[in-house]
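Below: one structure, written as structure tokens.
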Ligand code: IMP
Ligand code: MG
């Protein structure tokens, strides 16, 4: 009997953990029939290196780099013009995006009025991509689904037909955007994005929960955040991390504020999502800067280690003891393969 199975990649911090890199790497395995974005819109910016070339995608899922059907899922909000432009840029680089990218018919359209509404926004420091207003209108039932916009007809698919009526099993790599710290429910409200960034949103895209095979959480050995709240720690090594790690927003170019890894927050994110495997990207950046601190309690108390090996051992032990689903921790670098 036909099955629909998923692996889920999601962010455990405030976005920019390197999910794009992880999805790109997993997509090369040949295991997947689909890659599907399950939340957010063009507020996301996934930096991907493919055959030595740098790509920044905002809407197009990373399956396109390996010839895999790439769906923008029903929980997303879609700036149609931006999507069309992104497909065109990828086509120019020799990637067959126009035959691989499809949009779930129930995704919502980001309208010009949504973008205009955010043009002068500064209260929480959004990406000004119309994301919040589009989700607001969706939930107020005054929005517009892409199927009603008439401009994307050739790209639309019914998400149920696509996953459940296609031939053979569907094995879907679910690509998350943003992260737990920006989740509309779990994040530091109102300094959040307007979508659910947890595994719940991936399940909502059409996969039964018991068929979620693997949940892969992505983090960095430090934390970054873009937005209006004060977030950066004051240790000079954190500015070094910002510089060495080139921590600038892929969508807006804003500097990302840096702080130490917050372990209690990371445990919460891993447990709510049932993370099996946790990948830390940019370990090389952290090692190069050479100051190894970590936040260990809810009052913001820090621990400091002499070496990166001591840091890794402590973090691993802490996470393994606190996260029942966690099986594996991977220390990865930037920007290439995991
Ligand atoms: P919005 O998603 O544009 O409404 O922005 C809300 C908050 O989420 C702001 O602090 C943004 O900087 C942040 N944000 C949204 N998308 C991303 C992302 O992909 N990476 C990092 N921060 C993001
Ligand atoms: Mg990003």
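Bear in mind these aren't lab numbers, they're just calculated from the coordinates by the rules spelled out. A quick note: this is a predicted structure, and the numbers were derived from the prediction, not measured. Methodologically, a virtual Cβ is constructed for each residue, glycine included, from the backbone with ideal geometry; neighbour enumeration extends over all protein chains shown.
Computed over the chain, the per-residue total of -39500 (n - 2.57) for DSSP H runs of n ≥ 4 gives a 222 nm mean residue ellipticity of -8000 deg cm²/dmol, rounded to 500.
In units of the rule-of-thumb radius 2.2 N^0.38 Å, segment 101-230 shows an alpha carbon radius of gyration of 1.19. Over every Cα atom in segment 105-180, the radius of gyration and the widest Cα-Cα span, Dmax, amount to 15.6, 49 Å. Using C-alpha pairs under 8 Å with a sequence gap of at least 6, the mean separation divided by the residue count of segment 209-270 gives a relative contact order of 40 percent. Across segment 231-338, the convex hull enclosing all Cα atoms gives 119 Å³ per residue.
Spin-label model, residue 160 to residue 229: label points 7 Å out along the Cα-to-beta-carbon direction sit 3.9 nm apart. Each principal axis of segment 1-116 carries a Cα extent, and these read 41, 38, 33 Å when sorted largest first. In summary, segment 164-209 shows an alpha-carbon radius of gyration equal to 1.42 times the 2.2 N^0.38 Å reference for compact globular proteins. Translational diffusion of segment 1-60, estimated by Stokes-Einstein from the Kirkwood radius over alpha carbon pairs at 20 °C in a medium of 1.002 mPa s, is 167 µm² per second. Peptides 79-86, 255-262, 159-166, ordered by how many other C-beta atoms sit within 10 Å of their residues on average, highest first, read 255-262, 79-86, 159-166. Comparing 281, 317, 273 in a Gaussian network model of the chain, where Cα atoms under 10 Å apart are tied by springs, the biggest mean-square fluctuation is seen for 317.
With 27 Å as the cut-off, how large is the P(r) tail for the chain, expressed as percent of Cα-Cα pairs? So the portion of pairs separated by more than 27 Å is 42 percent. Taking the longest Cα principal axis of the chain as reference, the axis of helix 80-92 is set at about 80 degrees. A viscosity of 0.890 mPa s and a temperature of 25 °C, combined with the Kirkwood radius over Cα pairs in Stokes-Einstein, give a translational diffusion coefficient for segment 138-201 of 168 µm²/s. By definition, a body whose alpha carbon gyration tensor gives a ≥ b ≥ c is oblate when a/c is 1.5 or more and a/b is not larger than b/c, and segment 262-311 fits this oblate description. Could you calculate the FRET efficiency of residue 304 with residue 51 from 1/(1 + (r/R0)^6), where r is the beta carbon distance between them and R0 is 45 Å, rounded to 0.05? The formula returns an efficiency of 0.65 here.
For the pair segment 196-235 and segment 55-122, the centres of their Cα atoms are 20 angstrom apart. With Cα atoms defining each centre, segment 9-39 and segment 320-335 are spaced 16 Å apart in the structure. GNM on the chain, alpha-carbon springs under 10 angstrom: the most fluctuating residue among 173, 321, 152 is 321.
Over all orientations, segment 290-335 has a Cα convex hull whose mean projected area works out to 4.2 square nanometres.
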